[in-house]
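The values are calculated or read from the model by the stated rules, or taken from the named source; none is laboratory data. These numbers were taken from a predicted model, which means no experiment stands behind them. With ideal geometry, Cβ positions are generated from the backbone for all residues, glycine too; neighbour counts draw on all protein chains shown. Just so you know, the surface numbers come from the protein's heavy atoms only, side chains and all, with ligands and any DNA or RNA stripped out. Shrake-Rupley method; radii C 1.70, N 1.55, O 1.52, S 1.80 Å.
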Amino acid sequence: MAASCDLLDVDPPELQFPFVLDKQISCPLRITNKTDRTVAFKVKTTNPRKYCVRPNNGVVPPRSPCTVVVTMQAQTVAPPDLQCKDKFLVQSVVVSDGLSAKDITSHMFMKEGRNTVQEVKLKVVYVMPPEPPSEIAEEHDGLERVLVPMQWINGRSTSEPSSGSGSLRSAEEAGSPVGNIVKSEEFLKAAGPAVETKTHAGPAEQLHQLSAIIAKLTEEKNSALEENRKLRDELELVRREASKQQGALSLVLLTAIGLLSVILGYIVKK
C-alpha cells in the first residue's frame, strides 16, 4: 500500500534498506501523479549527508509515474538493533503545463499565501539482507539425490515412489551403470558427507550475533573507562602524598633554621 496525498501516490510507504556494512544500497521510489494537472515534487531528508536522491525534484505529467532512486552511502558502523531515525519528506504542488524540472525553485514549495503544498512523510527501515537462494537450492537438490538411493540400498520401499526413485529403479532393472553404483560401497562412502548440510544463520540469529558484538564492545568500553578512573584516582593519591611529604620537609627545615638562629644568638651574646 502506497503513501499518498491529494496529488501524489508514493510507493513504497517506507524506505527499506538491506543493511550491509561498507556497501552502498539503493531503494527505488515510485511517485505517481493521480490528478489531471501537472505536479512538481521535491524530496527532502533529515540526513542529507547520508543519502543521495536522484532526481531530488521533478515534474510529473497528469496520470503519470516517475521513479526516484534513493541511495544510502556505505556505512562503517551498524546502529544498535538496526534502528534508524532518518525520515524523508516528499512535497508536491500543482504547476502550469509545460514547466520543466530546471524551472523548479524552492519558493514553489513554501507554504504562504494561496500556495497549497502537499506532503508525504516516509520512514527509513533497516532490514537484514536476504539469504542467497542458490546455495539453499543446491543443498536441497543434493539431499534428494542422496536420500533416494539410500532408501533403495537399505531395502525400504514406499507405496508411492517419487520420480527420482522410479528412474533409479528403471536403471537397476535395465542393468545400467547407475544401478551398479547404487549398490556399491564406494557410493555409500561418497554419499555420507553429502547428507550433512550446512546450517545457515537466519536473520534472527544474525541480529542476535550483532547485538552480542555490540554488547561486548560496550562492556569493553565501560571497562576501559573504569580503568581510566582508577588511574586518575591513583595519580591524585600520589599527588597528595607528595604534597604531604613536601610540607613535612619544609617544617623540618624551618625548625632547623630556628635552632641554628638561637645557637648563633647565644654565641654572639657571649
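Just to be sure before I move on: is LYS230 in a helix (DSSP H, G or I), modelled with pLDDT under 80 and open to solvent by 90 Å² or more (accessible area, probe 1.4 Å) in the structure I sent? The answer is no for LYS230. Would you check if there is a residue in the stretch 32-43 being under 22 Å from ASP81 (Cβ atoms) and of a type outside the set (D, E, K, R)? No, every residue in the stretch 32-43 fails to be under 22 Å from ASP81 (Cβ atoms) and of a type outside the set (D, E, K, R). The residues of the stretch 97-119 that are part of a loop (DSSP other than H, G, I, E, B), open to solvent by 60 Å² or more (accessible area, probe 1.4 Å) and farther than 17 Å from CYS66 by Cα, listed by number, are THR105, MET110, LYS111, GLU112, GLY113, ARG114, THR116. Considering (1) open to solvent by 80 Å² or more (accessible area, probe 1.4 Å); (2) modelled with pLDDT under 50; (3) of a type outside the set (Asp, Glu); (4) touching a Leu at 6+ places or on another chain (Cβ under 7 Å), the lone condition that VAL148 does not fulfil carries the number (1). Only a single item in (1) in contact with a Leu (Cβ under 9 Å, 6 or more places away or on another chain); (2) touching a residue at least 24 places away in the same chain (Cβ under 8 Å) is not met by ASP22, and it is number (1). For the stretch 31-45, filtering for residues that are in contact with a Cys (Cβ under 8 Å, 6 or more places away or on another chain) and surrounded by fewer than 15 Cβ atoms within 10 Å (Cβ to Cβ) leaves 0.
Here's the yes/no breakdown for (1) assigned to a strand (DSSP E or B); (2) modelled with pLDDT of 95 or more; (3) on the phi < 0 side of the Ramachandran plot:
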| residue | (1), (2), (3) |
| --- | --- |
| ASP36 | no, yes, yes |
| ALA40 | yes, yes, yes |
| LYS44 | yes, yes, yes |
| CYS52 | yes, yes, yes |
| ARG63 | no, yes, no |
| THR67 | yes, yes, yes |
| THR76 | no, no, yes |
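Go through the residues of the stretch 46-56 one by one and say whether even a single one is of a type in the set (Phe, Trp, Tyr), more than 12 Å from PHE88 (Cβ to Cβ) and surrounded by 17 or more Cβ atoms within 10 Å (Cβ to Cβ). Scanning the stretch 46-56, I find no residue that is of a type in the set (Phe, Trp, Tyr), more than 12 Å from PHE88 (Cβ to Cβ) and surrounded by 17 or more Cβ atoms within 10 Å (Cβ to Cβ), so the answer is no. Within the stretch 1-11, being of a type outside the set (S, T, N, Q) and either closer than 28 Å to MET110 by Cβ or open to solvent by less than 20 Å² (accessible area, probe 1.4 Å) (or both) holds for ALA2, ALA3, CYS5, ASP6, LEU7, LEU8, ASP9, VAL10, ASP11.
Considering only the stretch 240-258, I want to know if a residue exists there that is open to solvent by less than 100 Å² (accessible area, probe 1.4 Å), assigned to a helix (DSSP H, G or I) and within 30 Å of ASP81 (Cα to Cα). No - not one qualifying residue is present in the stretch 240-258. Scan the stretch 78-96 for residues that are open to solvent by 90 Å² or more (accessible area, probe 1.4 Å), in a loop (DSSP other than H, G, I, E, B) and in contact (Cβ under 8 Å) with a residue 40 or more places away in the chain and the total you get is 1.
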